[in-house]
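Visitor: Got a structure for you, written out below as structure tokens; questions coming shortly.
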Amino acid sequence: MARYLGGLLVLLFAASICGAVTIPGPVSDAHRSAASELFDGSFSSLEEAYEALRVFEILAIGNKPDVSATACKKVVENLGSSSPVKDLFYALKVNGILKCKVNADVFKDIAVRLKATVTDASTLVDMYYSIGSLVLIKDQVSDVDVLLADADGTFHSIKALSQSDGRWRYSSDNPESSTYAAGLALEALAGVISLASSEIDLSRVKTVKNDILKLFDSIEKYDDGTFYFDEKFVGGSEHQGSLSTTSSVVRGVIAFTSVISGKVNLPGDKVLGLAKFFLGIGIPGDAKDFFNQVESLALLENNRVSIPLVLSLPETVYSLSKRDQLKVRVNTVLGSASPPLTVKLVRAFRSDAKDSVIIESKELQYDKSNGIHVLEVFPDNVDVGTYVFVFEIVLHDSAGEKVFATGGQIHVPIYVTGIIEVSNAEIAVLDSDLGSVETQKKLDLAGNVVVELSANHLQKLRFSFQLKTPHGHAFKPHQAFFKLKHETKHEHIFVVGNTGKKFEIVLDFLGLVEKFYYLSGRYDIELTVGDAVMENSFLRPLGHVDLELPEAPEKAARLPPLPVDPYLRYGPKAEIAHIFRAPEKRPPQNLSLTFLSLILLPFIGFLVGLLRLGVNLKNFPSSAAPAAYAILFHLGIAAVLLLYVLFWLKLDLFTTLKTVGLLGVFLMFVGHRILSHLASTSSKLKSA
Amino acid sequence: MSKLIFVFLAFIPLLCTSFSPERPSDRRVLVLLDDFAVKSSHSLFFNSLKSRGFDLHFHLADDPKIALQRYGQYLYDALILFSPTIERFGGSVDAAAILDFVDSGHDLIVAADSNASDLIREIAVECGVDFDEDPASMVVDHSGYAVSATEGDHTLIASDDFIKSDVILGSKKIEAPVLFQGIGHSLNPTNSLVLKALSASPSAFSANPKSKLTSPPSLTGSSISFVSVIQARNNARILISGSLSMFSNRFFRSGVQKAGSPTKHEKSGNEQFFTELSKWVFHERGHLKAVHMQHHKVGEANEPAIYRINDDLEFSVEIFEWSGTSWEPYVADDVQVQFYMMSPYVLKTLSTNGKGRYFTSFKVPDVYGVFQFKVEYEKLGYTSLSLSKQIPVRPFRHNEYERFIPAAYPYYGAAFSMMAGFFIFTAVHLYSK
């Protein structure tokens, strides 16, 4: 758990990527605007109402939502009825801020009830609420008797729940000890002391003091000097985060130390570390967390143990070109002015070389009008780079050292940036074996000139340039990349190394053919130079080189796949229209008609021929019966022919065959009759 | 008893507010944290989700009680992993369980950070995202950093290289750059589903800002992605970010000025970026459905069981987009239909009436077989639509061919003149004297 929290806080501090410490600044206006957003005047319980009101009170927010009417109504409701102690407690707390009109008799009734609860209570939480409520009544109304008769006994019963490591149990039948409970217990004990009708035994107070010291032994710590309390036992019914645990302890310890006569000797750096913890959280987005943070900071702001002073720098990045001033601000945690003091710059050194001290013991000037301490100008030997500045707060009033926690020497990482001069850029193609220069071109890296080069795999490419700091020293940037980019978007990046002042890279293409996947063609050249302290970091195209590389052998490594462009991957496809089969070619209609008329010609010829021959129907039988048979026979033939036509037009084969069968029988019969009749007449004619 | 049943029945609609095809937005979201402090330090992000109706369940990532499913039913519709350092989840949850969760169509948001654990990296790799292997590395950009008086190492980056997609990032342009501080990742080139939602500038690189560079960093330039999104084939959506602090209140509220740019923005683009992006991830936008796929012959209203080759047909389909609360008509000009058998025979872009209806008409090809109407719609950021409807196509029946072709008139003439001649001949032959 603590490990994860560690990770988280590293994240919250965010700026502390460099090993040295960045101190979060005191509570600022950002907190105030966040508070107005977070506590928008709607609350479901008096506890929430109290948290909102208390935050507004501490941060002195002017345009707070007016909730007094609704809140007071709830307060009166809760005080009147026999509501649980917790509700009473928060009702009294809200009343303490809003000063609602409550009948004094009500307080008397409550006080009697609470006193009974104190003596009966078996759990720590009940005691905490009832004693807390009594203390609140004592503060709000003067004429109510709230003093505890058996303060010693109550004190003892709370103390009985304490553990040897300074933590407390919630109740006697609950073996789990908790840091959160320790905070509650200390606050309750403080209440008992202030409510005691007679003095509490000093030896008892002393053991509690020891408990506090033991509790502070179990404090957790980060590398940057942040201290916090965390609940070790997680299996309990209600899990308390480190923020609520720490703020509970702070509330308890400060309440306790403010009521006892002596002083508790807590180390100042731990108190400062707690302040750092609360400030390091930033602006919580949760109302409860926000309240815990702000209230704990308010308690730390004004306590009897030691008051943390926060040294913060509005800026840690300084530009040599703009001649910035180094400013340091010292405030209390809530951002109010510090006592008279001097900020001393003990020393400053390069973060990569601890021995290279560039500034030593220098006092910063105090600018009264802005309330900041200023180092007017950087000494001349401060060049661009990353430094660690070590500050110390020296209080003018020596007695104040016991009241204030200043945190000793404070390490702050400082970036000093400047403009780096780029010069002597040269790009050349060399012949490999002789080393003679084939083509050499000078480049002005500040301009936009680009070069066009061509080379083959037996040659080398040399590129060199120089970097100088404003003080004329050689500068080594964090990022000096030389990039070759092929037309197919395959990139090759080389780090430009330096020898002394000069940066130089020599690309021997013979050794690189495999790395280049034997890809000949145009390579664009890009140079990227950048550093955290370089104000003119740049990415600049230098031109291009046409490379002629040998053909790839069969075993050569395949080109790695390139990512697909998502914009090209999607989108509509090309439309497809079906190509229909072309209809068969046909002769023109006129031709067919012509042929039709030609085809009909023989028939016409046949008819003409018959007329010419002088055909007649004289042989047609004259008697009635054969004539009828003849007519029927020819009608039958006509019917068969007609059937053929119908077959062609619409009928199917089955109907046609059926009809043909019937017609055939009929034709046989009438045909036989007429043909035999004709045969007999013709034989009669012959014989006659 | 009957009253009890009635009450239970009355509550069923409330119990069933979870993911369904009819309401594709997520409802129940499990948030796994390294520490509960994240709940407070990232509250603006969580509050924006809550105000949109999501039901967030916060748990510590190592809580032994967490479970994604019970009795084979998933308990959540989406998962937010804000636990970059977790080495092992509590309970039954592990990388495989999370991938199964995604495979069953649920959404995922993963925030890593420098020092991201192997577990988080493993989940990311499965999604096609490779984080820089050096655990101490961060993305550094000496040209595109965010100007800050207190952060001088240029790891706080202001990026405005967004994915160009209105559906993913909303139609309102994000004016202010987005702040980023964390670990960079690259996309697996073989994974075509993963997209860079926010990418680095060409001058960026990923390395340990404190140590000297001796060899070229593995990730450089605009191939570094800060935030990537994935839409899986089952329309599950994943967001992977290399920074947890991007989501924090501090970054949401912070002002931003990009190095080299004179404009100073009051507020960084983070809030807008992640609000819009989370709308997309949780299916409040870009989720399409297609209904009423219909086709019929021109001039008819009913859908035939079979088409004949060369028929003229009309095709229509209705497409709607989920807006988070209701289905709105989807308007686009690139929806296409395919008439498909082994390969598309016809591929036509549909016209729309602007109210969700898409339609076209075309002639059935003169090839018979079993065809399909196919609408395969894939657009950047939208869920893909894949609909198909099978329809057979037959050739002409024997009696559907053309009769009385003029070219055949000579044959007809020959036959009938023959028949007429025969009839006359019989009469003449029998009765002529």
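The values are calculated or read from the model by the stated rules, or taken from the named source; none is laboratory data. The structure displayed is predicted, hence computed values, not measured ones. Cβ: placed from backbone, ideal geometry, glycine included. Neighbour counts: every protein chain shown.
Visitor: Would you check which residues across region B:171-184 are assigned to a loop (DSSP other than H, G, I, E, B) and buried (at least 24 other Cβ atoms within 10 Å of the Cβ) and list them?
Guide: Passing the criteria: B:PRO177, B:GLN181, B:GLY182, B:ILE183, B:GLY184.
Visitor: Ok, one more. So is B:TYR340 in contact with a helix residue (DSSP H, G or I) (Cβ under 9 Å, 6 or more places away or on another chain) and closer than 27 Å to B:GLN231 by Cα or not?
Guide: No: the conditions fail for B:TYR340.
Visitor: Here's another thing I want to ask about it. Take the conditions modelled with pLDDT of 85 or more and either touching a strand residue (DSSP E or B) at 6+ places or on another chain (Cβ under 9 Å) or assigned by TED's automatic domain parsing to the domain that holds A:LEU272 (or both) and apply them to A:ALA480. Does it pass?
Guide: yes
Visitor: Consider B:ARG397 against the criteria (1) within 19 Å of B:GLN294 (Cα to Cα); (2) in contact with a Lys or Arg (Cβ under 9 Å, 6 or more places away or on another chain); (3) surrounded by fewer than 13 Cβ atoms within 10 Å (Cβ to Cβ): it satisfies all of them except one. Which criterion is unmet?
Guide: (1)
Visitor: A follow-up question, please. Hey, among the residues in region A:249-272 that are part of a helix (DSSP H, G or I) and over 30 Å from A:LEU195 (Cβ atoms), which one's farthest from the other protein chains (Cβ to nearest Cβ)?
Guide: Once the filter is applied, the top-ranked residue is A:GLY268.
Visitor: Regarding region B:401-422, can at least one residue be identified that is among the acidic types (Asp, Glu) and more than 30 Å from A:LEU598 (Cβ to Cβ)? Even if it seems obvious, please write down each step before you answer.
Guide: Filtering region B:401-422 for residues among the acidic types (Asp, Glu) gives B:402.
Still in the list and also more than 30 Å from A:LEU598 (Cβ to Cβ): none.
No, there is no match, as no residue in region B:401-422 is among the acidic types (Asp, Glu) and more than 30 Å from A:LEU598 (Cβ to Cβ).
Visitor: So, in region B:244-269, how many residues would count as being away from chain A (no Cβ under 14 Å) and in a helix (DSSP H, G or I)?
Guide: Total satisfying the criteria: 0.
Visitor: Conditions: (1) without any contact (Cβ under 8 Å) to a residue 40 or more places away in the chain; (2) assigned to a loop (DSSP other than H, G, I, E, B); (3) in the same structural domain as A:PRO339 (by TED's automatic domain parsing). A:GLY472 meets all but one. Number of the miss?
Guide: Unmet for A:GLY472, out of (1) without any contact (Cβ under 8 Å) to a residue 40 or more places away in the chain; (2) assigned to a loop (DSSP other than H, G, I, E, B); (3) in the same structural domain as A:PRO339 (by TED's automatic domain parsing): (3).
Visitor: Checking the condition within 23 Å of the chain's Cα centre (by Cα) and without any contact (Cβ under 8 Å) to a residue 12 or more places away in the chain, which residue from B:SER225, B:SER186, B:SER192 passes?
Guide: B:SER192 is the lone residue from the list that is within 23 Å of the chain's Cα centre (by Cα) and without any contact (Cβ under 8 Å) to a residue 12 or more places away in the chain.
Visitor: On to the next question. Check A:ILE414, A:ILE419 and return the single one that is within 14 Å of chain B (Cβ to nearest Cβ), surrounded by fewer than 21 Cβ atoms within 10 Å (Cβ to Cβ) and touching a residue at least 40 places away in the same chain (Cβ under 8 Å).
Guide: None of the others qualify; the one that does is A:ILE419.
Visitor: Out of B:ALA111, B:ALA96, which single residue is under 23 Å from the mean Cα position of the chain (by Cα) and without any contact (Cβ under 8 Å) to a residue 24 or more places away in the chain? I'd like the intermediate steps shown before the answer.
Guide: Numbers: B:ALA111 fails: without any contact (Cβ under 8 Å) to a residue 24 or more places away in the chain.
Step by step, each of B:ALA111, B:ALA96 is checked, and only B:ALA96 is under 23 Å from the mean Cα position of the chain (by Cα) and without any contact (Cβ under 8 Å) to a residue 24 or more places away in the chain.
Visitor: Still on this structure: In region B:42-54, which residue that is part of a helix (DSSP H, G or I) and touching a Phe, Trp or Tyr at 6+ places or on another chain (Cβ under 9 Å) is nearest to the other protein chains (Cβ to nearest Cβ)? Break it down stepwise before answering.
Guide: Kept after step one, since they are part of a helix (DSSP H, G or I), are these residues of region B:42-54: B:43-51.
Narrowing the set further to residues that are touching a Phe, Trp or Tyr at 6+ places or on another chain (Cβ under 9 Å) leaves B:44-46, B:48-49.
Working: B:LEU44: 6, B:PHE45: 9, B:PHE46: 8, B:SER48: 11, B:LEU49: 13 Å.
The extreme case among them is B:LEU44.
Visitor: What single numbered condition from (1) under 30 Å from A:ASP201 (Cα atoms); (2) away from chain B (no Cβ under 12 Å) fails to hold for A:THR246?
Guide: Going through (1) under 30 Å from A:ASP201 (Cα atoms); (2) away from chain B (no Cβ under 12 Å) one by one, A:THR246 breaks only (2).
Visitor: Say we look at region A:563-582 and pick out the residues that are exposed (fewer than 15 other Cβ atoms within 10 Å of the Cβ) and not in a loop (DSSP other than H, G, I, E, B); which of these is farthest from the other protein chains (Cβ to nearest Cβ)?
Guide: The selected residue is A:LEU568.
Let's see how each residue does on (1) modelled with pLDDT of 85 or more; (2) outside the structural domain of A:LEU375 (by TED's automatic domain parsing); (3) in contact with a helix residue (DSSP H, G or I) (Cβ under 7 Å, 6 or more places away or on another chain); (4) among the aliphatic types (A, V, I, L, M):
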site	(1), (2), (3), (4)
A:SER319	no, no, no, no
A:LYS322	no, no, no, no
A:LEU326	no, no, no, yes
A:THR332	no, no, yes, no
A:SER336	no, no, no, no
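Visitor: Please find, among A:VAL645, A:VAL660, A:VAL665, the residue that is within 30 Å of B:LYS433 (Cα to Cα), more than 7 Å from every other protein chain (Cβ to nearest Cβ) and assigned to a helix (DSSP H, G or I).
Guide: Step by step, each of A:VAL645, A:VAL660, A:VAL665 is checked, and only A:VAL665 is within 30 Å of B:LYS433 (Cα to Cα), more than 7 Å from every other protein chain (Cβ to nearest Cβ) and assigned to a helix (DSSP H, G or I).
Visitor: Mind listing whichever residues of region B:334-357 are aliphatic (A, V, I, L, M) and surrounded by fewer than 20 Cβ atoms within 10 Å (Cβ to Cβ)?
Guide: We begin by selecting, within region B:334-357, every residue aliphatic (A, V, I, L, M); these are B:335, B:337, B:341-342, B:346-347, B:350.
The answer is B:MET341, B:MET342.
Visitor: I would also like to ask the following. Quick check: anything in region A:551-561 within 10 Å of chain B (Cβ to nearest Cβ), among the small types (Gly, Ala, Ser) and not in a helix (DSSP H, G or I)?
Guide: No, region A:551-561 contains no residue that is within 10 Å of chain B (Cβ to nearest Cβ), among the small types (Gly, Ala, Ser) and not in a helix (DSSP H, G or I).
Visitor: Quickly run through region A:489-502 and pick out the residues that are within 13 Å of another protein chain (Cβ to nearest Cβ) and not small (Gly, Ala, Ser). So that I can check it myself, show each step before the final result.
Guide: Keep residues of region A:489-502 that are within 13 Å of another protein chain (Cβ to nearest Cβ), which gives A:489-498.
Across region A:489-502, the qualifying residues are A:LYS489, A:HIS490, A:GLU491, A:HIS492, A:ILE493, A:PHE494, A:VAL495, A:VAL496, A:ASN498.
Visitor: Let me ask something else about it. Which strands (runs of 3 or more DSSP E) does region B:288-384 wholly contain that include 2 or more residues that are over 30 Å from B:ILE168 (Cβ atoms) and either in contact with a strand residue (DSSP E or B) (Cβ under 8 Å, 6 or more places away or on another chain) or within 14 Å of chain A (Cβ to nearest Cβ) (or both)? I'd like the intermediate steps shown before the answer.
Guide: On the way: elements: B:312-322, B:327-329, B:336-341, B:343-349, B:357-363, B:369-377.
Output list reads B:312-322, B:336-341, B:343-349, B:357-363, B:369-377.
Condition check ((1) surrounded by 14 or more Cβ atoms within 10 Å (Cβ to Cβ); (2) of a type in the set (Ser, Thr, Tyr); (3) closer than 25 Å to A:PHE580 by Cα) across all residues:
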site	(1), (2), (3)
B:ARG285	yes, no, no
B:VAL298	no, no, yes
B:ALA301	no, no, no
B:GLU318	yes, no, no
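Visitor: Out of all the residues in region B:336-379, which are more than 17 Å from B:LEU288 (Cβ to Cβ), within 26 Å of the chain's Cα centre (by Cα) and touching a residue at least 60 places away in the same chain (Cβ under 8 Å)?
Guide: B:PHE373
Visitor: Okay, next question. A:GLY447 passes all but one of (1) surrounded by 15 or more Cβ atoms within 10 Å (Cβ to Cβ); (2) assigned to a loop (DSSP other than H, G, I, E, B); which number fails?
Guide: Going through the list (1) surrounded by 15 or more Cβ atoms within 10 Å (Cβ to Cβ); (2) assigned to a loop (DSSP other than H, G, I, E, B), A:GLY447 breaks only (1).
Visitor: I've got another one for you. Output the number of residues of region A:122-144 satisfying the condition of being in contact (Cβ under 8 Å) with a residue 12 or more places away in the chain and not in a helix (DSSP H, G or I). Please lay out each step first, then the result.
Guide: We begin by selecting, within region A:122-144, every residue in contact (Cβ under 8 Å) with a residue 12 or more places away in the chain; these are A:122-141, A:143-144.
Still in the list and also not in a helix (DSSP H, G or I): A:122-123, A:141, A:143-144.
Residues meeting the conditions: 5.
Visitor: Which residue is farthest from B:PHE82 (Cα to Cα), if the candidates are limited to region B:250-268 and must be surrounded by 24 or more Cβ atoms within 10 Å (Cβ to Cβ) and of a type outside the set (A, V, I, L, M)?
Guide: Only one residue fits best here, namely B:SER268.
Visitor: What residue, among those in region A:273-288 that are out of contact with any Phe, Trp or Tyr (no Cβ under 8 Å at 6 or more places or on another chain) and either assigned to a helix (DSSP H, G or I) or away from every other protein chain (no Cβ under 13 Å) (or both), is surrounded by the most Cβ atoms within 10 Å (Cβ to Cβ)?
Guide: A:ALA275
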